[in-house]
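A.B. asks: Quick one: structure below, then a few questions.
The values are calculated or read from the model by the stated rules, or taken from the named source; none is laboratory data. All values derive from a computational prediction rather than experimental measurement. Cβ atoms come from the backbone with ideal geometry, glycine included; neighbour counts cover every protein chain shown. Protein only, heavy atoms only, side chains kept; ligands, DNA and RNA dropped before computing areas. Shrake-Rupley method; radii C 1.70, N 1.55, O 1.52, S 1.80 Å.
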Amino acid sequence: MQRHLRRALITLAGMTASAGAWAAVTVTYIDSEKMTDVPRFATERSAMEIEFREHLEQLGAKLPPEQNLAIEILDIDLAGDVFPKVAIRDVRVMKGMADWPRIKLRYRLEQNGQLLRSGEQELADPNYQMSINSYRNEMYGYEKQMLDDWFKKDLLVTK
């Protein structure tokens, strides 16, 4: 029994030590139920928030370990338009016209307590159906690609 307890403590200590090796990413949604175009049902909206939060955390893993990124999502306008065909399920249709994805966010990137970069961005991709997309078959794939492009352009800048 003691041997198992010792192994568990060693594993926990290793996990705690390695936890500091990752950049911290915090994602906050500001009044998501009032955003321009998000799922109307709370469970679907919550699932969308989790999806974007996890995606941004994965992107944050590319930052140096001593950096912290705080993102506030201010508004979301998902790609496509919603047509409530059935009362319990909305259908999202992408026409490629004026229905491109948009995300408005505020961010703050710090390293060891020093501000590196901050600002407010309005991301938009009017050519969302014509560009190469690594997430085309995933839920919110157009928005994820747009976030990837912003992250690479604005946050992974080397001096």
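A.B. asks: Scan 102, 108, 117 and give me the residue that is at pLDDT 90 or above, over 21 Å from residue 60 (Cβ atoms) and either in contact with a Leu (Cβ under 6 Å, 6 or more places away or on another chain) or surrounded by 14 or more Cβ atoms within 10 Å (Cβ to Cβ) (or both).
C.D. replies: Values: 108 fails: over 21 Å from residue 60 (Cβ atoms); 117 fails: over 21 Å from residue 60 (Cβ atoms).
Within the list 102, 108, 117, the selection yields 102.
A.B. asks: Are any residues in the range 38-82 more than 16 Å from the chain's Cα centre (by Cα) and either charged (D, E, K, R) or more than 20 Å from residue 98 (Cα to Cα) (or both), and if so, which ones?
C.D. replies: Of everything in the range 38-82, those that are more than 16 Å from the chain's Cα centre (by Cα) and either charged (D, E, K, R) or more than 20 Å from residue 98 (Cα to Cα) (or both) turn out to be 40, 41, 42, 43, 64, 65, 66, 67, 81.
A.B. asks: Continuing with this model, one more query. Tell me the residue from 88, 71 that is of a type in the set (A, V, I, L, M), on the phi < 0 side of the Ramachandran plot and modelled with pLDDT under 90, please.
C.D. replies: 88
A.B. asks: Which of the residues that make up the range 42-67 are open to solvent by 70 Å² or more (accessible area, probe 1.4 Å), out of contact with any Phe, Trp or Tyr (no Cβ under 9 Å at 6 or more places or on another chain) and not in a helix (DSSP H, G or I)?
C.D. replies: 66
A.B. asks: Taking residue 142, is it of a type in the set (Phe, Trp, Tyr) and in a loop (DSSP other than H, G, I, E, B)?
C.D. replies: Answer is no for this residue.
A.B. asks: Anything in the range 120-143 that is of a type outside the set (Asp, Glu), open to solvent by 80 Å² or more (accessible area, probe 1.4 Å) and farther than 20 Å from residue 73 by Cα? List them, or say none. Give the derivation first.
C.D. replies: Going residue by residue through the range 120-143, those that are of a type outside the set (Asp, Glu) are 121, 123-124, 126-137, 139-142.
Narrowing the set further to residues that are open to solvent by 80 Å² or more (accessible area, probe 1.4 Å) leaves 127, 130, 132, 134, 136-137, 139.
Within the range 120-143, 127, 130, 132, 134, 136, 137 meet the criteria.
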